[in-house]
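Below you'll find the structure, written out as structure tokens, and then a few comments.
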């Protein structure tokens, strides 16, 4: 199950963090997302580790914590997407697909002329779309 | 690569893994030593550390090498045992607590900046007690039985010369009962190297007795193993050592005592020599020997192919029996223990190659035996050996990890070992700059013990900081984790320290959730420690937590207020975040020569007022001509730089307060912070003095003012406001300061009290400076609030004005009287009043004597009114600027009332600006005149839609039919149409029918429409230009649309006439007045209330003005055919010849050439197709018209039917028409402007019937007036008019 998705701006400022858990662990998830930025930076600065192709946006598994797996994705505008999941057995292809649709949703959200770049994304449509994507991720991995 | 031995780990290993010497002593020895404040162990320990011992060592190989650094670890026999876990824990906790206490001083300082933390060297960031703690942690697992390097290599037996029977004492000392367990239970060989030491206290007498005992000892124990040590040679105990080697122990004793005070330099050297000899002559050779012996043994049994095979075979057989994890079955004599000892000895003598080979050998054995703890221990040592050999890093790390994991596998007992292993591993990684990996190892060390893991996590965080590049996010995260654990162990000071370090990571970022959490907890913890001041500063950070949930915000605010209460002080906080102040909303309203009647007036753009006042205020109007010269003249330079306000008049500051939270907050005593430095009178009187002088004066005054602050307080008054702002609300707060004395007023900022406990301050300065720079010429782009510095001048008279009974909304046409009331509170009179209104169409100034009149009634036409009165009104033309009479001056109690007239001319939102200029009597003042600005907004709703259609009356020349359409566009209002008037004496208007028949209802209700017809007559007889050119003189003609009992309104009365003039100007289409245009005024009134008429009638009427309604039809000409309508003729005699007269009137101002064409036959080629259709349309129209007639008259029936038959037959037969025009078929005439001509016409009719004589057309051509080329373009220059139907009935005369 995906517990948290986050969009982090190119100055490592949080643009959107949404947790999908019942319990009140927002702080923990904030910390996890914040921490993963170090790994993202590391991946970006050491491109030889970051994958076969130069323009690869999917950063792969950033790091496993005790209960979570954290995946990262970097857009061309240096906006980072972070995915925190409790599924221990996740296929990379699923995560890739997730990020691709998430990216599309993000692009639509920031294309809104009323969105100020660099400010938090407050669009309800975006939030709804993200939760739909998150739900479908759970389904596809289960089935 | 640096030498591994010089790295921190290397040093640590050289310190920790060294031969252990067990010390056994008698109580008397201890007693002698304690004279110096030292125990025997303490006395000896500083000398057991050798930096340049320079001893040749030969181990297994034949090649000797020299040892430089060497160390012996001395322990009492009682300490050689595994430390008690509980005690160790307690001690570690103490270490941490002490460290926490030490840092307390730092807690109050500001947390470090992140950039500084990153750039500063490692040693500064890392708390020094970490090392100490780590060492203590490692010591908790010393003397374990699976490792040999903690096992004593030698034994030092010490007996005092005072002891009785010293030789026996020596023997007794090595009694097995007292020896540590590891020697007894077979873990290590009890036969160890022994050294005998006799201690002689020189204070007890000469050393002769001691020498005797020594010889006795030598004979008993052997000559080499015995020593005599004489101490306490100094008698007075005042020896002070430079670089006291015992300083280390000072903290344990009373600080006044000099440690080693009885030990003189001889004793000093003796101890030193003793220890040197012990190590170089006894311990090292003994170890060398042991290594050689063991090595031979091991080689014999284990080395070589055969032995290995045998071992394998043998091990396999042992598998089933040896399955105990503790591995305690290995005694010192077992070959495994021997190999381990060999390895450890070799390690201690730095023959790492030898050590490694033996460790390798033994490690496989232990693994096969599943003796995990021992296996891990060996793996650990292998790792360290690899490290010290600086060989294969991977191998070293692998061994350490292996050892770490294996230790953890052994269960709780292995936890401590795992910790030690981990610490060594960490150090190993750190030595190789693998900080990131080190951090993960720290993370792995964290066990169940919360306190230890707190320390480990903190160390891990520093590793992330030291990593290249620094991983600051993780640094912060681990600090937070560590802080949480510290908090769980009640190490609050440590918790604060870690959290404070973490703040540097998150400062300046937008991770609000984390930041709030950190600051809130720091604040809470400081409060817990009683440091409320610091707590408050941290709590302030979380106040504006707009992202948090409502409950969290409540908690934050509540805790914050609690802490503030506990401090018992009222805090003054600069830039308190709650509520948020929107500085861009800052708006200053002050009155210098401009005064405002209402706040709304002040918010109007200055440029609007400026344009309105341009021609009434003297300085402004002249500014245009020469601004450079004039500005300096009008206002002294000094005053140009800052704003001017008047003593006793309030300066208003509007600013927005926003509550970012979801919970309401209460804010009390919101006031401005102001400074007013009083100014002496001389400046006032000498306002023209040079700028520099003034400046100096002001500055000196300011100094004195700040000295006695008490005068400040009384010199102005401040308004105070209490508000409560709901969640997410924004409130505009209006604050006032009223200076009482002259001087310079400076508005510094705003202050408020949050929830009655915390005072927030906000200073405006910072952005003020910015604005000042950006500001150009003050007059040019003035906006209030630019400057917060005011020069207060002495009080001036000030007019206050209000317009009474001005409605907020009105229907179009609404006309009423308003009263302008002006007041002057001060005693000084004001004079030279002028007034200007921006919308004269809506608002006009009345005469003073109109004040008492009752409005609608005063307009009513008096029967006996004379024309002269109307003439008087007529002369008054509305002016742009209204000058009040000279003799008017307002002062004191009596207000001035003046009538105004309101007319809501057109629908829409109308802004009415009224500015009143007045001069103050006091000429010495800087401000000579002031203006009162009033602003009202009037919403005008559409009421009646009035439209006129004018068409020339076909039957009469200069008569027009007026079709009036009135539509009530309101939703609920009803109107009573009162009268329709035309303006100008040349027009006469009358109703075609009695109004009652058209419109029996008195009022026009909402949505209703009304149309009625009037006859308009142009009664102008002669063309006289002088009358038409004075349209302002209104003489009208009225048509009453009401009961005759009602009075008609006089449209030449003052407000109506004035407004009509304005309307004329507004509705003008062409620049010139058209003589053929007519102006209408439709007057209606609100319906009379059906209730008792005693209730006052409404004070207003509605008037709708339609100006410049052209009477011209399609062309400039009108004509009329005059002649008989019905004739009797005897057709049997002859055809009938009838004379007709066509009268043509040219209503244009140019000459017209007209040709009249007549057509005899409908099918004649001269007629256009248009005419045909027109003609065919006419008869059908007639036919329908004819149908009504028979009802009236029986006689006509036959003839009419006949007539129509004739008409029809004429059309169908296409034969000769029943009549022909006689005379010329075309007549031409030229007609001058405004003139008439008559053309005789004749028609011959052959049979009786009704005829329509419309078969003619008038072609007209404007004769171009010279120089009027434009005119010709604008108007149609030529055209054709077809004839009107003219019905002629001929009857056969009998």
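Inspection of the stretch B:393-402 identifies no residue that is closer than 20 Å to residue B:16 by Cα, more than 44 Å from the chain's Cα centre (by Cα) and touching a residue at least 60 places away in the same chain (Cβ under 8 Å). Scan the stretch B:868-891 and tell me whether some residue there is at pLDDT below 70, farther than 20 Å from residue B:1063 by Cα and assigned to a loop (DSSP other than H, G, I, E, B). Within the stretch B:868-891, none of the residues are at pLDDT below 70, farther than 20 Å from residue B:1063 by Cα and assigned to a loop (DSSP other than H, G, I, E, B). For the stretch B:1110-1139, a residue qualifies if it is more than 16 Å from residue B:952 (Cα to Cα) and buried (at least 19 other Cβ atoms within 10 Å of the Cβ), and the qualifying residues are B:1136, B:1138.
Restricted to helices (runs of 4 or more DSSP H) entirely inside the stretch B:97-174, those with at least 3 residues that are within 30 Å of residue B:415 (Cα to Cα) and modelled with pLDDT of 75 or more are B:129-139.
Yes/no matrix, rows are residues, columns are (1) under 58 Å from the mean Cα position of the chain (by Cα); (2) under 30 Å from residue B:299 (Cβ atoms); (3) free of Cβ contacts under 8 Å to residues at least 24 places away in the same chain:
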site	(1), (2), (3)
B:59	no, yes, no
B:66	no, yes, yes
B:71	no, yes, no
B:79	no, no, yes
B:82	no, no, no
B:86	yes, no, yes
B:91	yes, no, no
B:97	yes, no, no
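When B:413, B:453 are checked against the criterion of being within 14 Å of chain A (Cβ to nearest Cβ) and either under 46 Å from the mean Cα position of the chain (by Cα) or surrounded by fewer than 24 Cβ atoms within 10 Å (Cβ to Cβ) (or both), B:453 stands alone in meeting it. Restricting attention to the stretch B:473-491, and to residues there that are more than 14 Å from chain A (Cβ to nearest Cβ) and closer than 14 Å to residue B:458 by Cα, which single residue is modelled with the lowest pLDDT? Residue satisfying both the conditions and the ranking: B:491. Here the stretch B:456-472 is the region considered, the condition is being modelled with pLDDT of 85 or more, within 14 Å of chain A (Cβ to nearest Cβ) and more than 21 Å from residue B:508 (Cβ to Cβ), and the residue that is surrounded by the fewest Cβ atoms within 10 Å (Cβ to Cβ) is B:457. Within the set B:758, B:748, the sole residue that is surrounded by 18 or more Cβ atoms within 10 Å (Cβ to Cβ), touching a strand residue (DSSP E or B) at 6+ places or on another chain (Cβ under 7 Å) and at pLDDT below 85 turns out to be B:758. Just one of the listed residues (A:134, A:95) is more than 17 Å from residue A:16 (Cβ to Cβ) and buried (at least 20 other Cβ atoms within 10 Å of the Cβ), namely A:95. Taking the criterion of being surrounded by 15 or more Cβ atoms within 10 Å (Cβ to Cβ) and modelled with pLDDT under 80, would at least one residue in the stretch B:714-735 satisfy it? There is at least one residue in the stretch B:714-735 that is surrounded by 15 or more Cβ atoms within 10 Å (Cβ to Cβ) and modelled with pLDDT under 80. Scan the stretch B:575-588 residue by residue and report those that are closer than 21 Å to residue B:724 by Cα and surrounded by fewer than 13 Cβ atoms within 10 Å (Cβ to Cβ). The answer is B:575, and nothing else. Among the residues of the stretch B:30-40, those identified as crowded, with 20+ Cβ neighbours inside 10 Å and in a helix (DSSP H, G or I) are B:32, B:33, B:40.
Return the only residue of B:809, B:841 being in contact with a strand residue (DSSP E or B) (Cβ under 6 Å, 6 or more places away or on another chain) and either farther than 17 Å from residue B:601 by Cβ or surrounded by fewer than 21 Cβ atoms within 10 Å (Cβ to Cβ) (or both). Break it down stepwise before answering.
Numbers: B:841 fails: in contact with a strand residue (DSSP E or B) (Cβ under 6 Å, 6 or more places away or on another chain).
The match here is B:809.
Restricting the search to strands (runs of 3 or more DSSP E) fully inside the stretch B:896-968 and requiring at least 3 residues that are more than 30 Å from residue B:1008 (Cβ to Cβ) and in contact with a strand residue (DSSP E or B) (Cβ under 8 Å, 6 or more places away or on another chain) gives B:896-903, B:908-920, B:929-941. Summed over the stretch B:492-514, the residues that are facing chain A (nearest Cβ under 9 Å) and over 31 Å from the mean Cα position of the chain (by Cα) give a count of 0.
Does residue B:518 qualify as being over 11 Å from residue B:560 (Cβ atoms), within 14 Å of chain A (Cβ to nearest Cβ) and assigned to a helix (DSSP H, G or I)? Walk me through it before giving the result.
Numbers: over 11 Å from residue B:560 (Cβ atoms): yes; within 14 Å of chain A (Cβ to nearest Cβ): yes; assigned to a helix (DSSP H, G or I): yes.
In short, yes.
Residue B:430: closer than 23 Å to residue B:416 by Cβ, surrounded by fewer than 24 Cβ atoms within 10 Å (Cβ to Cβ), away from chain A (no Cβ under 11 Å) and under 39 Å from the mean Cα position of the chain (by Cα), yes or no? So residue B:430 fails the test. When restricted to residues that are without any contact (Cβ under 8 Å) to a residue 60 or more places away in the chain, buried (at least 17 other Cβ atoms within 10 Å of the Cβ) and over 59 Å from the mean Cα position of the chain (by Cα), the stretch B:963-987 contains 1. Residues in the stretch B:1065-1106 that are more than 20 Å from residue B:1006 (Cα to Cα), modelled with pLDDT under 80 and in contact with a strand residue (DSSP E or B) (Cβ under 7 Å, 6 or more places away or on another chain): B:1067, B:1068, B:1069, B:1074, B:1076, B:1077, B:1099.
The one condition from (1) farther than 24 Å from residue A:43 by Cβ; (2) modelled with pLDDT of 90 or more; (3) in contact with a helix residue (DSSP H, G or I) (Cβ under 9 Å, 6 or more places away or on another chain) that residue A:112 does not meet is (2). Mind telling me which of the residues B:604, B:573, B:580 ends up being under 26 Å from residue B:672 (Cα atoms) and at pLDDT 80 or above? Testing whether each residue is under 26 Å from residue B:672 (Cα atoms) and at pLDDT 80 or above leaves just B:580.
Any residue in the stretch B:430-444 that is without any contact (Cβ under 8 Å) to a residue 40 or more places away in the chain and out of contact with any helix residue (DSSP H, G or I) (no Cβ under 9 Å at 6 or more places or on another chain)? There is no residue in the stretch B:430-444 that is without any contact (Cβ under 8 Å) to a residue 40 or more places away in the chain and out of contact with any helix residue (DSSP H, G or I) (no Cβ under 9 Å at 6 or more places or on another chain). Of all the listed residues (B:572, B:591), the sole one being outside any helix (DSSP H, G or I), surrounded by fewer than 21 Cβ atoms within 10 Å (Cβ to Cβ), over 22 Å from the mean Cα position of the chain (by Cα) and away from chain A (no Cβ under 14 Å) is B:572.
The values are calculated or read from the model by the stated rules, or taken from the named source; none is laboratory data. These numbers were taken from a predicted model, which means no experiment stands behind them. Here the Cβ is made from the backbone with ideal geometry for all residues, glycine too, and neighbour counts use every protein chain on show.
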